[in-house]
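Read-outs throughout are calculated quantities, based only on the coordinates presented, and are distinct from any laboratory measurement. Bear in mind that the values here come from a model prediction, so they are computed numbers and not experimental data. Methodologically, a virtual Cβ is constructed for each residue, glycine included, from the backbone with ideal geometry; neighbour enumeration extends over all protein chains shown.
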Amino acid sequence: MKRPPCTHTMTTLVSNIPVIQNILRTSFSNGLTRPLEWRKHQILQLARMLQDNKEVFADALYKDLGKPKLEAFGEIGVLIERSVLSAQQLDDWTRPTSIDCLDWQRSTQPTVYMAPKGTVLIIAPWNYPLALVLQPLIGAIAAGCCAVCKPSEIASHTAMALAEVMPQYLDSSAYRVVLGAVAETTKLLELQWDHIFYTGNGRIARIISTAAAKFLTPLTLELGGKSPVIVDPSFDINLAAKRIIGGKAHNGGQICVSPDYIVIPRSHQDILVSALKRFYAEFFPDGSLASDSISRIVSPSHHARLMDLIKRSKSEVAFGGRTEGQSKIELTVFKNVLPEDSLMEDEIFGPLLPIVAVENMDAAIEFVRTRDHPLALYAFTDDPALKKRLLEETLSGAVVFNDLITQLAFNNLPFGGVGPSGYGRQYLKYTFEAFSYQRSSIDVPKELEPFLAARYPPYDDEKVKI
Ligand code: NAD
């Protein structure tokens, strides 16, 4: 499909935001988004939008993040697959459920319906600027909601591409993109929504929660944190190193479930460092700065944030450490990193990888246990007892043994955090459920009246005996 000329400005007029919401609210109350066939059509239109505009979105992702085409097409492919699966499974998800009950209640046919919450707001970050708008949107459409999508201003090319292309495929009286930054999001948050689905950092999540509290708006918070990687020395360290470097390099380390730091017994730290170095050299023969197979840092301010972490760090650079301009930092591994080091303060969200050396595996578990619950806990181990301990003694959104990030590829594994890494779940049915509520229903026949007679006053002794 030929791309029409861009007609969008970078921001939506703040004064238009309540008008947009009003249009969506009217559509919802008129029942536009109710029919299942209509919802399926919209979801498939979303898939068509992605298919027709693959190059447009890949180009925008490249401009925003230097994202390699292979990764961009992979991301778009997953979104198309999830759209099609959602449309295919919608009848199952929305089928009313008959509920078991006491004998005398059977004639009331207790039933649970999955009902749409209403008009919802989706706020997305810059690191997967397409997927983190559209993944929730697929669920919102499936649930029968109207939705405003607020992409991140930091990934401006993708945001603009979405604002331009979406109205050509989706019904604008139900789904809108609002462009902008803090002023526009603040205006959005002044309005009452029926659900807010926010993906981003914990600091802004507190602003979102405060705004939502005013209206008791339900929330999904998809946040981040420091996802650790525990390496058990009895595991194949070469394989662990290969998977760690591959996983850390993905999206330039700018993934919510990126391996944030490694914990390994001190006795094996250097063996791991040598293996990491070997795979780094294999994947990036001319270094990661010169490679087209790794995304760049999204913005000069994130580059400055990462450079500040490096500057303040007292840890030893095992390899890497070079930088180029305001958008590239070499994939850098640090060793003997102390808990109080700058690299251990907050989520790194970039191509830096600290290694914390501990005495033994008990200390490794303790290190992870006593920190904020992460979105993902990774452990390379073959030891069933250690796996059991990690499952029982720690908390995290997901536990992944012997690989990194692959959990994102499982359509039917619920994705989300716990504690500071967020709450609520997403992917296919789970996203649909986030935007739905369980509506209970009974239909009490008049023939039941004799059984119900005892409930009416006066409560005489005869009734008390019953
Ligand atoms: P960001 O800076 O793009 O912000 C996210 C959204 O918040 C944007 O749409 C932005 O406009 C809005 N925003 C910014 N300031 C605001 C304010 N003062 N008031 C209201 N809204 C405001 O993205 P980010 O937060 O830097 O994203 C990175 C974070 O997101 C990381 O912590 C990462 O782990 C997390 N993340 C989580 C997931 C997940 O699924 N759990 C996925 C991706 C990223």
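Taking the beta-carbon count within 10 Å as an exposure proxy, list VAL84, VAL165 from fewest neighbours to most.
In order of increasing Cβ crowding within 10 Å: VAL84, VAL165.
For helix 36-52, report the angle its Cα long axis makes with the longest principal axis of the Cα atoms of the chain; keep it between 0 and 90° and round to the nearest 10°.
20
Please report how far the C-alpha centroid of segment 134-156 lies from that of segment 164-237, rounded to the nearest whole angstrom.
Each part's Cα centre sits 10 Å from the other's.
Arrange the following residues from fewest to most other Cβ atoms within 10 Å of their Cβ: SER209, SER83.
SER209, SER83
Kindly identify segment 3-94 as rounded, prolate or oblate by the Cα gyration tensor criterion: order the square roots of the eigenvalues as a ≥ b ≥ c, call it rounded if a/c is under 1.5, otherwise compare a/b with b/c, prolate if a/b is larger, else oblate.
It comes out oblate by the Cα gyration axes.
With 19 Å as the limit, write out which pairs from LYS67/LYS328; LYS242/LYS277; LYS248/LYS335; LYS388/LYS429; LYS214/LYS429 have Cα-Cα distances beyond it, or answer none.
The answer is LYS388/LYS429; LYS214/LYS429.
Summing -39500 (n - 2.57) over the DSSP H runs of n ≥ 4 in the chain and dividing by its residue number, what mean residue ellipticity at 222 nm do you reach, to the nearest 500 deg cm²/dmol?
Estimated from H runs of four or more residues: -13000 deg cm²/dmol.
So how strong a dipole does the chain carry about its Cα centre when Lys and Arg Cβ are +1 and Asp and Glu Cβ are -1, to the nearest 20 debye?
Here the size comes out at about 900 debye.
Tilt of helix 17-29 relative to the longest C-alpha principal axis of the chain, in degrees (0 to 90, nearest 10)?
Helix 17-29 sits roughly 50 degrees off the main axis of the chain.
Of all the stretches in the chain, which is the longest one without any exposed loop site, taking chymotrypsin sites (Phe, Trp or Tyr not before Pro) in a DSSP loop (any state but H, G, I, E, B) with at most 13 other Cβ atoms within 10 Å?
Excluding the exposed sites themselves, the longest stretch runs over 1-409.
Using amide H atoms built 1.01 Å from N in the peptide plane, name the residues 5+ places from PHE334, or on other chains, whose amide H lies under 5 Å from its own.
When sequence neighbours closer than 5 places are left aside, the close amide H contacts are ALA318, LEU353, ILE355.
Report the dimensions of segment 136-229 along its three principal axes from the alpha-carbon atoms, largest first, rounded to Å.
That works out to 40, 33, 28 Å along the principal axes.
Just check the chain against the gyration tensor rule for me: Cα atoms, a ≥ b ≥ c as the square roots of the eigenvalues, rounded for a/c under 1.5, and otherwise prolate or oblate depending on whether a/b exceeds b/c.
It comes out oblate by the Cα gyration axes.
So for segment 267-342, averaging the separation of alpha carbon pairs under 8 Å that are six or more residues apart and normalising by length, what relative contact order in percent results?
30
Rounded, prolate or oblate for segment 255-366? Axes are the square roots of the Cα gyration tensor eigenvalues, ordered a ≥ b ≥ c, and the cut-off for rounded is a/c under 1.5.
Judged from the Cα gyration tensor, segment 255-366 comes out oblate (a/c at least 1.5, b/c at or above a/b).
Sort CYS149, CYS101, CYS256 by Cβ crowding within 10 Å, fewest neighbours at the top.
Ranking CYS149, CYS101, CYS256 by Cβ neighbours within 10 Å, fewest first, gives CYS101, CYS149, CYS256.
Roughly how tilted is helix 69-94, in degrees to the nearest 10 and between 0 and 90, from the longest Cα axis of the chain?
It works out to around 20 degrees.
Quick one: Karplus J couplings for segment 183-195, per residue in order, coefficients 6.51, -1.76, 1.60, θ = phi - 60°, nearest Hz, x for Gly and Pro?
Rounded to whole hertz, the list is 4, 5, 5, 4, 5, 4, 6, 6, 8, 8, 10, 9, 6.
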